[in-house]
Amino acid sequence: MKDFTSVESKLVTIGKRLEKDLNDWEAWAAKADILCSIGMHDIAVRCCDRSLLINPDNGLTWLTKGIALNKLGRTIEADAAFARAKELGR
């Protein structure tokens, strides 16, 4: 089980980064990763999409998206995300 105080703190920090720059793809990717790790897969996918809109060649974000989609039972989309991550070396 995750330490939710730590998770909340990380999300607050990321939120502050995004307040300064909504085009911070790394912050969107980090938020997606955290949300995926605590089971908030729908929101994680949306954060991945936002990150990938800015930086479509980030293999780790494609991997996170694939994991979240897989958890949501969206296996065809997940497989496509995993394939893209693999193309990019993740």
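Pairs, please: C-beta under 7 Å, at least 6 apart or cross-chain, first residue among the charged types (D, E, K, R) and in the stretch 58-83, second surrounded by 14 or more Cβ atoms within 10 Å (Cβ to Cβ)?
LYS65/VAL45; LYS65/CYS48; LYS65/ALA81; LYS71/HIS41; GLU77/LEU69
Take the stretch 41-53 and flag every residue that is buried (at least 17 other Cβ atoms within 10 Å of the Cβ) and of a type in the set (A, V, I, L, M).
Those that are buried (at least 17 other Cβ atoms within 10 Å of the Cβ) and of a type in the set (A, V, I, L, M): ALA44, VAL45, LEU52.
On the basis of being modelled with pLDDT of 95 or more, exposed (fewer than 14 other Cβ atoms within 10 Å of the Cβ) and hydrophobic (A, V, I, L, M, F, W, C), does ILE76 make the cut? Working first, answer last.
On the way: modelled with pLDDT of 95 or more: yes; exposed (fewer than 14 other Cβ atoms within 10 Å of the Cβ): yes; hydrophobic (A, V, I, L, M, F, W, C): yes.
So ILE76 passes the test.
The values are calculated or read from the model by the stated rules, or taken from the named source; none is laboratory data. Small disclaimer: the values here were computed from a predicted structure and weren't measured. Virtual Cβ from ideal backbone geometry, glycine too; neighbours counted across all protein chains shown.
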